[in-house]
Every structure is written in structure tokens, then in C-alpha cells.
């Protein structure tokens, strides 16, 4: 695979459409599906594509163009080898032009792929976020030699964008988690203040009362705090 990505108008249009999807606030599933659909349509010779994500050494298919791509991911997970798993864990980029040849580095994977699917050529690209090996974009062709070096270059364009897309999804999730955390802390703070005022408690005593009530009722602390706030507001309105 060369290090130069094509920069023609079609490529720029692909990046533009996918970028618009991210900036429009699309959910993770929609972004994952857009990446694999674009890979299939953009990369010459690609008949199937999938996005395999890694979480604490567990792999899952986040999106696929069809059941064949999803099945190949599952076979790789079952046998513990293949271009996509290797791309994530070891080399970063794997390209087998012809899986029917006898010199494959993944004998168990190749045997099952050739026997159980029409796929005969495969490429796996590692996806990184801040240095973390988070997954792989996987391209498959039904023809030996169907995925050429030119195909690999085009796929690298999509893979580079996929890394950016996953980074955006992660950042959005972290921002949402932070927002929920701030809202929860604000609710707890309001409840503590109300308990201090109405029961003449110190801050520590009010928080301890919330905590013990949460444990006794087997409810989240934020839920107990919300009920305290709602109860006090209802009293003020009555």
C-alpha cells in the first residue's frame, strides 16, 4: 500500500458527506454503517465490508454491509486469527490478495473462509484513537486478486476517516457522560442544601443522610436526591 491517498473530487466528496454526518450529530450506529457502506461503494473490488471494534480484548462487529462480512468477523473471533484481528493487534495493515493460495499466514481462518463464504481476497486496516487499538476496517472481495494495491490505497482513505469518526463518537460519548455527571452532582448539591436548611444539618450530615437512604431503599443516590428536591419544591408550592 502506498503512503499517498488519492485526493480527487470523488474522494473529497466522500469525506464531505461523511463529515457532514458526524457534524449533524448522527448516532454511533449510523456513523459505523455509513463507513462500511462507503467502503463498499468507494473501493474498487470490495464486495463486503465490516467494522470490527475491540473493547478490553473483546471483539464485536459494530457494522457490516451484509451477513457475509459479519460471518467473516465471527470466524476470525472464533479461530483467533485473520487479517482483521492481526491488523488490530499486530501489524496495523493486512492484505491477502488471494486467499486460495497455500501460503497464507492464517491457515485456520483461510480454510474456513474458503469453505464457508465466497470471499477470496481481504484487507484489514487498524483503527487508532489516541494510540489505542480500537478496531479494524475490513474489506472483502469475492474474486482472487479482487482487492488490488489501488484498492488498498482507496481503502486507506476510508480507514483514515473511520479513525476520525470513531474519535468523534468517543468524544461525544465522553461529553455526554460528563454532562450527566454534572447534572447528577448539581441535583445532589441541591438536595444537600435543602436538607441542611430544613433539618438544621451540616453538609456532611445531609450528604450522609442521602447516602444511607439510598442504601436502605436500594436506589441510586441521584434518584434519592431528585425525590428530595421534588418533595421540597412540592411543599413550597402547596
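The values are calculated or read from the model by the stated rules, or taken from the named source; none is laboratory data. Being a predicted model, the structure only gives us computed values, none of them experimental. Methodologically, a virtual Cβ is constructed for each residue, glycine included, from the backbone with ideal geometry; neighbour enumeration extends over all protein chains shown.
For the structure I just gave you, tell me whether residue 104 is closer than 23 Å to residue 153 by Cα, in contact with a helix residue (DSSP H, G or I) (Cβ under 6 Å, 6 or more places away or on another chain) and either in the same structural domain as residue 147 (by TED's automatic domain parsing) or modelled with pLDDT of 95 or more (or both).
For residue 104, the condition - closer than 23 Å to residue 153 by Cα, in contact with a helix residue (DSSP H, G or I) (Cβ under 6 Å, 6 or more places away or on another chain) and either in the same structural domain as residue 147 (by TED's automatic domain parsing) or modelled with pLDDT of 95 or more (or both) - is met.
Out of curiosity, is residue 20 surrounded by fewer than 21 Cβ atoms within 10 Å (Cβ to Cβ) and at pLDDT below 85?
yes
With the requirement that a residue be under 17 Å from residue 41 (Cα atoms) and in contact with a strand residue (DSSP E or B) (Cβ under 6 Å, 6 or more places away or on another chain), what does segment 126-142 give you?
Within segment 126-142, 137, 138, 139, 140, 141 qualify.
Which one is surrounded by the most Cβ atoms within 10 Å (Cβ to Cβ), of the residues in segment 55-79 that are touching a residue at least 12 places away in the same chain (Cβ under 8 Å) and assigned to a loop (DSSP other than H, G, I, E, B)?
For segment 55-79, the residue satisfying everything is 65.
For residues that are outside any helix (DSSP H, G or I), in contact (Cβ under 8 Å) with a residue 60 or more places away in the chain and surrounded by fewer than 21 Cβ atoms within 10 Å (Cβ to Cβ), tally how many sit in segment 27-54.
Number of matching residues: 4.
Is one or more of the residues making up segment 84-96 closer than 23 Å to residue 31 by Cα, surrounded by fewer than 19 Cβ atoms within 10 Å (Cβ to Cβ) and more than 18 Å from the chain's Cα centre (by Cα)?
Scanning segment 84-96 turns up at least one residue that is closer than 23 Å to residue 31 by Cα, surrounded by fewer than 19 Cβ atoms within 10 Å (Cβ to Cβ) and more than 18 Å from the chain's Cα centre (by Cα).
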